[in-house]
Amino acid sequence: MELDKKYSQLVELNKQAELGGGKERIEKQHSVGKKTARERILQLLDPGTFREIDKLVTHRSFDFGMQDKKYLGDGVITGYGKIHNRLVYLFAQDFTVFGGSLSRANADKIVKIQKMALQMGAPVIGLNDSGGARIQEGVESLAGYADIFYNNVISSGVIPQISAILGPCAGGAVYSPALTDFIFMVNNNSHMFVTGPDVIKTVTHEEVTKEALGGAITHSTKSGLAHFTGNDEEQTLMMIRELMSFLPSNNMEDPPVKTTIDPPDRMEESLQELVPADPNKPYDMHEIIDQVIDNKHFLEVQPEYAKNIICGFARFHGQPVGIVANQPNHLAGVLDINSSTKAARFVRFCDAFNLPLITFVDVPGFLPGTAQEYGGIIKHGAKLLFAFSEATVAKITIIIRKAYGGAYDVMSSKHIGADVNFAYPTAEIAVMGPEGAINILLKDKITAEEKITAVNEYREKFANPYKAAALGYIDEIIQPRDTRRKIMDALEMTRNKRKSNPPRKHGNIPL
Ligand code: HXC
């Protein structure tokens, strides 16, 4: 072949690969409000940084006439690029080629990316849009999935793994995203379920739509599977970029510090008035968080799930942290099954990736009831206790108001390894609330009037932070207006913290 022909052959092949399943299928993809895999990659990455690999891979299947149906790239685009000028690896399933279904060759491409990311210490982002296992390939496709799952597990806690669901994701295919750190979904256009509506109808006779079964709203409010939801693909991809700005590239790095003009010693007078004098009145914990973090910039994780606990990322003087906070505005900030598991997973992520944990406490205890007990609140609550206890990152705790019973211990108390424990003068640290305590201690022994006096006496004596401060369980009682400055000081003091738990294969978190 002449030299020119050789070069133009490559140009031609590249063009062909870039066309995926062809113009018609691209138009079909657009017509249902979805972008193509390539468009998504360009939107996600810093401009001009995408480097594709395995662009010319094809499947190796001969059944069902597949030898005559080959598309360069075989339904997944893989490579690396940059987000905020930092290396990330990614794969994007191309729905225009066999519905983005997973063949052996296609899985090999994803596995290659996963292995490279692990070796180079950079995150992996998966853009999922696929009909699942390539039906024509059978067990080879299942093997491909298992290889991906295995690499997800081996990479867990070493590099951040992010999944965006931008189309269908069904059957066993859901388990790769489920093994990653964060799942992003898009309203109306992404679905995750193990068995679809038709199978469900046959087996359980339930009738349910795809959207109600596994859409973004379902997974962000009911199952807690989705961590972030965008209104459309653009917004979702931008949210991934935002999340990445808080994360280190791997577990050996510190999270990236961002310059800020928000003064570290900023006092916030409004905080003096924020906690209501009546301990039974709710208030919005978000207001405290917003006032103390840099520029009110808070990236909340699972904002619509288990709202009685708030988890999310923020910065103090540019340094990323993870925030966990009880929310008195929702179920009085009580700990229940969902809030315990939500926070436990978040705490473990932060610990794995060197994000200090700032915990704001206002918790009346664990939620009573048979539903909670039968549902396993004991083991689920224990997850949060386990997660906070094993976390070796800097842990700073501020008790705003209630810290009652076991929940006091669980919420990053001094006893389970917090480095700095603050309390507001409004803090109430005791075995239980005054009403509950008097009911048990003096049940049937006093009149209603005497009860009011006893409750008030108990509150005065026990429902405050001074007993805990006298014992050294609280390091300092602070004025609310000083919260930002105090957290900042504590972060600076703990910056070089070195702590490791005894060597072991792994702990046995109560699953
Ligand atoms: C091969 C597939 C495919 C698949 C879709 N296609 N899924 N090809 N294997 N799994 C092809 C279609 O034949 C079609 O090809 C093109 O992709 C687009 O699909 P449509 O059906 O036209 O698109 P749409 O109407 O949007 O429906 C999308 C869909 C549907 C809901 C995903 O295609 C579907 O139900 N597919 C099968 C899903 C499934 O049962 N997968 C196996 C799950 S089990 P043409 O040439 O017509 O454009 C599984 C096990 C994993 O995944 C286990 C891991 C452990």
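The values are calculated or read from the model by the stated rules, or taken from the named source; none is laboratory data. Computed from a predicted structure; not experimentally measured. Cβ coordinates were reconstructed from backbone atoms using ideal geometry, including for glycine residues, and neighbour counts include every protein chain displayed.
Of note:
- Considering 376, 405, the condition of being modelled with pLDDT under 95, under 28 Å from residue 349 (Cβ atoms) and not aliphatic (A, V, I, L, M) is satisfied by 405 alone.
- Taken over the stretch 407-456, the residue count meeting the criterion of being part of a loop (DSSP other than H, G, I, E, B), aliphatic (A, V, I, L, M) and touching a helix residue (DSSP H, G or I) at 6+ places or on another chain (Cβ under 7 Å) is 4.
- Flag for residue 273 being in contact (Cβ under 8 Å) with a residue 12 or more places away in the chain, surrounded by fewer than 16 Cβ atoms within 10 Å (Cβ to Cβ) and not polar (S, T, N, Q): no
- Of all residues making up the stretch 294-303, the number that are crowded, with 16+ Cβ neighbours inside 10 Å and more than 19 Å from the chain's Cα centre (by Cα): 1
- For the stretch 172-197, the set of residues classified as within 9 Å of the ligand (Cβ to nearest atom) and under 24 Å from residue 115 (Cα atoms) consists of 172, 173, 174, 175, 176, listed by residue number.
- For the stretch 22-66, the set of residues classified as modelled with pLDDT of 95 or more, surrounded by 15 or more Cβ atoms within 10 Å (Cβ to Cβ) and within 12 Å of the ligand (Cβ to nearest atom) consists of 25, 26, 29, 34, listed by residue number.
- Residue within the stretch 158-175 that is surrounded by fewer than 21 Cβ atoms within 10 Å (Cβ to Cβ), farther than 19 Å from residue 95 by Cα and touching a residue at least 60 places away in the same chain (Cβ under 8 Å) present: yes
- Scanning the stretch 232-268 for residues that are out of contact with any Asp or Glu (no Cβ under 8 Å at 6 or more places or on another chain), hydroxyl-bearing (Ser, Thr, Tyr) and surrounded by 14 or more Cβ atoms within 10 Å (Cβ to Cβ) yields a total of 3.
- Search result, residues across the stretch 148-157 that are surrounded by fewer than 21 Cβ atoms within 10 Å (Cβ to Cβ), more than 9 Å from the ligand (Cβ to nearest atom) and not aliphatic (A, V, I, L, M): 150, 156, 157
- Those residues of the stretch 89-140 which are within 25 Å of the chain's Cα centre (by Cα), within 13 Å of the ligand (Cβ to nearest atom), in a strand (DSSP E or B) and within 20 Å of residue 72 (Cβ to Cβ), in sequence order: 93
- Check on residue 192, in contact with a Cys (Cβ under 7 Å, 6 or more places away or on another chain) and either exposed (fewer than 15 other Cβ atoms within 10 Å of the Cβ) or closer than 23 Å to residue 89 by Cβ (or both): yes
- Strands (runs of 3 or more DSSP E) contained entirely in the stretch 162-218, each with at least 3 residues that are more than 16 Å from the chain's Cα centre (by Cα) and at pLDDT below 95: 168-170
- Selection count where residues are within 28 Å of residue 392 (Cα to Cα) and of a type in the set (S, T, N, Q), scope the stretch 154-192: 6
- So residue 264, is it at pLDDT 95 or above and either touching a Lys or Arg at 6+ places or on another chain (Cβ under 9 Å) or part of a loop (DSSP other than H, G, I, E, B) (or both): no
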